[in-house]
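This report refers to the structure that appears directly beneath it.
The values are calculated or read from the model by the stated rules, or taken from the named source; none is laboratory data. Please read all numbers here as calculations on a predicted model, not as lab measurements. We place every Cβ from the backbone using ideal geometry, glycine too, and count neighbours over all the protein chains shown.
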Amino acid sequence: MTGTSVFKPTAVQKKALELLGSGAKHILLFGGSRSGKTTILVIAIIYRAVRYPESRHLICRLRTKDARSSVLHETMMPWLKKIVGHRRFKLMVHDNYVRLWNGSEIWIGGLGDREQVDKILGHEYNTIYFNEVSQISWAAINVAYSRLAMHIPGCRNLFLYDCNPASPMHWAYKVFIRKIEARTDTPLAKPELYASMILNPQDNADNLAADYISDILDTMSDKQKARFRDGLWVKAEGVVYEKFSEEMLLAPEELPERFDFVTAGQDFGLNITNVKAGWVGNTVYLIADYGAYNVPTRTFNETLEALGWYTNEDGTEAVFPTYCDPAGGERIQEIRGGVKANNSVDPGIDYICALMERKQFFVSTACTGVLQEIADYVRDEGNQIVKVNDHFMDAMRYAIFSQVQYGIICS
């Protein structure tokens, strides 16, 4: 092994490395583009794997292909060659992991790929590193938490995270900056276990092209500069529901006591979500939402029942349509009141935008899934919806626009 002299961190990067030894169990590095966040955490994992033989470590993103290209090939493989040497590790291409000469393993995976989830979550780890968490749902993060359970003497198990900041409604901002629970907004039980640090391109200028900051980052729009140059938590560029504002937020006790009728929307997939809406005339109130990760549809529905989803305040049974993703097939039958939704994306979005403009759209603060996604639900430069963290957005659209199109009322 070449030794620690291979990596010569900047002053700011040294502080980030010191944070890893601070006693915190959850550590987030956030900030602008090309600030060295991924490099620092990947190198830390390599040294942990070297120091503790037979240890196992996981690096995951939303998509496996992105983890392989941006983390494995662009970052980890070059640093492995520098730190341990070409002949002291082997890349297991089919299984997406690297095995070191001392028996340690570094796995690469995607939490958004069904064929990968069972494989990577079938092991226990000493380190789990969530790369670019602005793209990963809170439900997926929580499921992975149980896998940080490998015991190697002397090795303190760690969760590592990084991201370019998203909106202040994102779960990472709540947990690491505000120190509150992502779903309930209550104070963290042990806030001292959660630490974060900002790193920006200026802190990594010695390793960047001379004109990267001045000719690329400095010429971006104000919102992009705030996020990718200055590392600020701001609403994203191209937000679909740009008219959504804090004026539309209501505490649960501020919702109407009675609704004319209730509907729900159901999205399927690895991230399975449900959004419940109440209607008073043409005004829509999002009452509650719930999401889970990698669970059967029947189990998800049983959880909704246990949460009182289908029970009125007086204890009677609540009967209402649940408009489900039409691609759900037979799974629709496993959701109580399940019917096929209208999946017209742009007309549905336009209708909800019109509700917002007319002040006929309100969201309970209990709808933490919706609130975590709505500020980062965006279109790309080609005006196409970015299919990342959109599961509650799909369920919300099903619940509202399908009712407008089909008008199912249950008595």
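A few points about this structure:
- When residues in region 159-209 are screened for being of a type in the set (Gly, Ala, Ser) and modelled with pLDDT of 95 or more, 4 of them pass.
- Flag for Ala144 being in the same structural domain as Glu54 (by TED's automatic domain parsing), out of contact with any His (no Cβ under 7 Å at 6 or more places or on another chain), surrounded by 16 or more Cβ atoms within 10 Å (Cβ to Cβ) and not in a loop (DSSP other than H, G, I, E, B): yes
- Residue that is modelled with the lowest pLDDT [pool: residues in region 249-269 that are under 16 Å from Met393 (Cβ atoms) and surrounded by fewer than 24 Cβ atoms within 10 Å (Cβ to Cβ)]: Gly269
- Sole residue being of a type in the set (Lys, Arg), within 19 Å of Ile46 (Cβ to Cβ) and in a strand (DSSP E or B), chosen from Arg156, Arg99: Arg99
- Residue list for region 369-405, restricted to those being touching a Gly at 6+ places or on another chain (Cβ under 9 Å) and more than 17 Å from Tyr323 (Cβ to Cβ): Val378, Arg379, Asp380, Glu381, Asn383, Val386, Val388
- Taking the numbered list (1) within 21 Å of the chain's Cα centre (by Cα); (2) buried (at least 22 other Cβ atoms within 10 Å of the Cβ) in turn, Arg114 passes all entries but (2).
- Filter pass, Lys387 being at negative phi, basic (Lys, Arg) and out of contact with any Pro (no Cβ under 6 Å at 6 or more places or on another chain): yes
- The one condition in (1) free of Cβ contacts under 8 Å to residues at least 40 places away in the same chain; (2) within 28 Å of Glu132 (Cβ to Cβ) that Gly278 fails to fulfil: (2)
- Test: residue in region 160-174 that is part of a loop (DSSP other than H, G, I, E, B), charged (D, E, K, R) and farther than 12 Å from Gln372 by Cβ: no
- With respect to the conditions (1) at pLDDT below 95; (2) under 22 Å from the mean Cα position of the chain (by Cα); (3) of a type outside the set (Asp, Glu), Lys25 falls short on a single one, namely (1).
- Test: Met220 is modelled with pLDDT of 90 or more and crowded, with 16+ Cβ neighbours inside 10 Å: no
- Of the residues in region 225-244, not one is among the hydroxyl-bearing types (Ser, Thr, Tyr) and either more than 20 Å from the chain's Cα centre (by Cα) or more than 30 Å from Asp350 (Cα to Cα) (or both).
- Out of Leu91, Leu19, sole residue that is closer than 25 Å to His151 by Cβ and not acidic (Asp, Glu): Leu19
Quick grid of which residues meet (1) assigned by TED's automatic domain parsing to the domain that holds Asp203; (2) of a type in the set (Val, Ile, Thr); (3) buried (at least 18 other Cβ atoms within 10 Å of the Cβ):
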site	(1), (2), (3)
Ser33	yes, no, yes
Ile45	yes, yes, yes
Arg48	yes, no, yes
Arg51	yes, no, no
Arg56	yes, no, yes
Met77	yes, no, no
Lys82	yes, no, no
Val93	yes, yes, no
Glu105	yes, no, yes
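- Strands (runs of 3 or more DSSP E) fully within region 305-411 that include at least 2 residues being buried (at least 20 other Cβ atoms within 10 Å of the Cβ) and not assigned by TED's automatic domain parsing to the domain that holds Pro252: none found.
- Filtered residues of region 345-365 (kept if within 14 Å of Gln403 (Cβ to Cβ) and either among the hydrophobic types (A, V, I, L, M, F, W, C) or in contact (Cβ under 8 Å) with a residue 60 or more places away in the chain (or both)): Ile352, Leu355, Gln360, Phe361
- Selected residue (criterion: farthest from Arg114 (Cα to Cα)) from residues of region 53-81 that are aliphatic (A, V, I, L, M) and touching a Phe, Trp or Tyr at 6+ places or on another chain (Cβ under 7 Å): Leu80
- Subset of region 198-211 [crowded, with 18+ Cβ neighbours inside 10 Å and either among the polar types (S, T, N, Q) or within 26 Å of Met169 (Cα to Cα) (or both)]: Ile198, Leu199, Asn200, Pro201, Asn204
- Number of the exception - Lys243 against (1) at pLDDT below 95; (2) farther than 30 Å from Lys223 by Cα: (2)
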